[in-house]
Amino acid sequence: MTERRKPGISLRKQPKQARSTELIAVVLEAAAQVLAKEGAQRFTTARVAERAGVSIGSLYQYFPNKAAILFRLQSDEWRQTTDLLGSILGDVRRPPADRLRRLVRAFLRSECEEAAMRVALNDAAPLYRDVPEAQEAKAAGRRMFQSFMVEALPRATGKTRALAGSLITTTLSTVGKDFSESPRTPAEIDAYARAMSDMFCAYLEALNNGTRRP
């Protein structure tokens, strides 16, 4: 029995002119609207082309299938998350605890602002989650957080840092997804972020002081 191949997710060709770049931007904006409104199950290239006001042939010049469009949307979301990680965790002027608090707050806000899109992209993940590009994108974020953990737990072993980092990122991702499924006010987001940050910071402080075993 032969293994079923994943559909291609790369652009058919790279845009070389401003008009081509603009076309891709219009298609992606339309795709985001279709995905948020219709969900992953009803997402089709025909609906995207119709919303974008372009022919299906024009769309296929750059995107070979719907998986390619969805992966581009997901890649853009991953890039935004990586940029968020880099701008906050890489700010060495601030102590690690302060950076972690800022990250939790920014992450929860982002999750709530783009909840519909994130849920739909999560539903579409089976189309592209196993491709090398997806693994590389996730690895970049993990490396960034691992570097931060060296600063946050300078006296800990590599094993302890890895466990603590995994606990924090997994909890943040899982709780963020659950928290954002209901509409939240800015005050609710801030209160939840403070409580979550207190929990993470207390955990790291205990590890640094040797009062808690990993």
Review point. Based on what the data block shows, is E113 open to solvent by 30 Å² or more (accessible area, probe 1.4 Å) and over 17 Å from C201 (Cα atoms)?
Key: yes
Check your understanding: Looking at (1) within 22 Å of P126 (Cβ to Cβ); (2) open to solvent by 30 Å² or more (accessible area, probe 1.4 Å); (3) of a type outside the set (A, V, I, L, M); (4) not in a loop (DSSP other than H, G, I, E, B), which is the only condition E29 fails?
Key -> (1)
Practice item. Identify the residue in the range 73-99 that is within 12 Å of the chain's Cα centre (by Cα), open to solvent by less than 30 Å² (accessible area, probe 1.4 Å) and among the aliphatic types (A, V, I, L, M) and, among all such residues, is farthest from S197 (Cα to Cα). Key: L73
Exercise for review: Give just the number: which of (1) of a type in the set (A, V, I, L, M); (2) at pLDDT 85 or above; (3) buried (at least 17 other Cβ atoms within 10 Å of the Cβ); (4) within 18 Å of F200 (Cα to Cα) does L70 not satisfy?
Suggested key: (4)
Revision key, fill the gap. Checking A156, A195 in turn, the sole residue that is over 16 Å from R99 (Cβ atoms), assigned to a helix (DSSP H, G or I) and among the hydrophobic types (A, V, I, L, M, F, W, C) turns out to be A195
Check your understanding: Does any residue of the range 127-142 turn out to be over 21 Å from L70 (Cβ atoms), surrounded by fewer than 19 Cβ atoms within 10 Å (Cβ to Cβ) and within 16 Å of the chain's Cα centre (by Cα)?
Key -> yes
Revision key, fill the gap. For the range 124-151, the count of residues that are more than 26 Å from L35 (Cα to Cα) and either of a type in the set (D, E, K, R) or at pLDDT below 70 (or both) equals 3
Exercise for review: Could you list all residues from the range 37-63 that are surrounded by fewer than 17 Cβ atoms within 10 Å (Cβ to Cβ) and part of a helix (DSSP H, G or I)?
Suggested key: K37, E38, A46, E50, I56, G57, S58, Y60
Point to revise | Meets criteria (open to solvent by 50 Å² or more (accessible area, probe 1.4 Å), hydrophobic (A, V, I, L, M, F, W, C) and at pLDDT 90 or above) for A162 | key: yes
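The values are calculated or read from the model by the stated rules, or taken from the named source; none is laboratory data. Quick caveat: nothing in here was measured; it's all calculated off a predicted structure. Every residue, glycine as well, gets a Cβ built from its backbone with ideal geometry; the counts of neighbours run over all protein chains shown. Ligands, DNA and RNA are excluded from the accessible area calculation, which covers all protein heavy atoms including side chains. Shrake-Rupley method; radii C 1.70, N 1.55, O 1.52, S 1.80 Å.
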